[in-house]
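Report on the structure given below.
The values are calculated or read from the model by the stated rules, or taken from the named source; none is laboratory data. If you're wondering where the values come from, they're calculated on a predicted model, not measured in any experiment. Cβ coordinates were reconstructed from backbone atoms using ideal geometry, including for glycine residues, and neighbour counts include every protein chain displayed.
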Amino acid sequence: MSISSLIFSNLHFQLPTTMASMASSSSFCNLKFITKPNNGRRSSLPRIVFCQKHHDSTPTDQINRRELILRSSEIATIGAILNFGGKKPDYLGVQKNPPALALCPATKNCVSTSENISDRTHYAPPWNYNPEGRKKPVNREEAMEELIDVIESTTPDKFSPRIVERKEDYIRVEYQSSILGFVDDVEFWFPPGKGSTVEYRSASRLGNFDFDVNRKRIKALRQELEKKGWASQDTI
């Protein structure tokens, strides 16, 4: 048995659905490291092996704040142990042939302007920062500053945005959840030329579906940009 098995074999933690429901119903789970053979070698992999409901009649407003913090810390610790942040994909950035952002994987947790318009699961329309009718047109540098301002001030999914890469025509942002540390990669690209189009891609690193988190995030950003004069080629 590995050291990690000894440490975590009896680890208990709570996964509250929401803060409001934490007082009335919580799920308790055991996280165990199960040893499995792998090509003649044995490795310990984490598995949640038991869950049960616990009902508590204590009113929500009487829950101790310290207990709430401890519960959140436990979940955050589990996320760090299991690396829910994932690894940054190697294919991020502007592709060369042809110049464009990457396509989405087959999973339902990504949207991209590079997809075919017939792909209703993954396609999203580009933006235009100088659409017809904008009273005060801006140049690319000014448009990028408007975009950065919206990125930093808009968190519709409660993920924290962090700009990790910025070039004269490209921005990459990592959106991270506050509890388990899931990371979504969001890219924005200003294609060369005289046009005012902005391409983008938003994708989760882990999982097969995202409950439309990426699409809703893009929609929220677009709605804030519209207040500055931007427009979309279509609605999402």
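Residue-wise test of (1) buried (at least 17 other Cβ atoms within 10 Å of the Cβ); (2) assigned to a strand (DSSP E or B).
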{"site": "Val138", "(1), (2)": "yes, no"}
{"site": "Glu141", "(1), (2)": "no, no"}
{"site": "Ile148", "(1), (2)": "no, no"}
{"site": "Thr155", "(1), (2)": "no, no"}
{"site": "Val164", "(1), (2)": "no, yes"}
{"site": "Val186", "(1), (2)": "yes, yes"}
{"site": "Gly195", "(1), (2)": "no, no"}
{"site": "Ala220", "(1), (2)": "no, no"}
{"site": "Gln223", "(1), (2)": "no, no"}
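Restricting Lys136, Lys158, Lys167, Lys108 to residues that are under 21 Å from Ala231 (Cβ atoms) and either basic (Lys, Arg) or at pLDDT 95 or above (or both) narrows the list to Lys136.
Just to be sure before I move on: is Arg215 outside any helix (DSSP H, G or I), under 20 Å from Ala100 (Cβ atoms) and among the basic types (Lys, Arg) in the structure I sent? Spelling it out, it is not the case that Arg215 is outside any helix (DSSP H, G or I), under 20 Å from Ala100 (Cβ atoms) and among the basic types (Lys, Arg). The residues of the stretch 97-131 that are outside the structural domain of Phe190 (by TED's automatic domain parsing) and over 23 Å from the mean Cα position of the chain (by Cα), listed by number, are Asn97, Pro98, Pro99.
Of all the residues in the stretch 161-180, those that are of a type in the set (Val, Ile, Thr), within 13 Å of the chain's Cα centre (by Cα) and closer than 10 Å to Ile151 by Cα number 1. Here Ile179 fulfils each of the conditions (1) under 26 Å from Asn116 (Cα atoms); (2) in contact with a helix residue (DSSP H, G or I) (Cβ under 6 Å, 6 or more places away or on another chain) apart from (1). Among residues of the stretch 210-230 that are under 18 Å from Cys104 (Cβ atoms), those with a Cβ under 9 angstrom from a residue that is surrounded by fewer than 20 Cβ atoms within 10 Å (Cβ to Cβ) and basic (Lys, Arg), sequence gap 6+ or separate chain, pair up as Asp210/Lys108; Asp212/Lys108. Determine if the stretch 115-132 includes at least one residue that is surrounded by fewer than 15 Cβ atoms within 10 Å (Cβ to Cβ), in a strand (DSSP E or B) and in contact with an Asp or Glu (Cβ under 9 Å, 6 or more places away or on another chain). No: the stretch 115-132 contains no residue that is surrounded by fewer than 15 Cβ atoms within 10 Å (Cβ to Cβ), in a strand (DSSP E or B) and in contact with an Asp or Glu (Cβ under 9 Å, 6 or more places away or on another chain).
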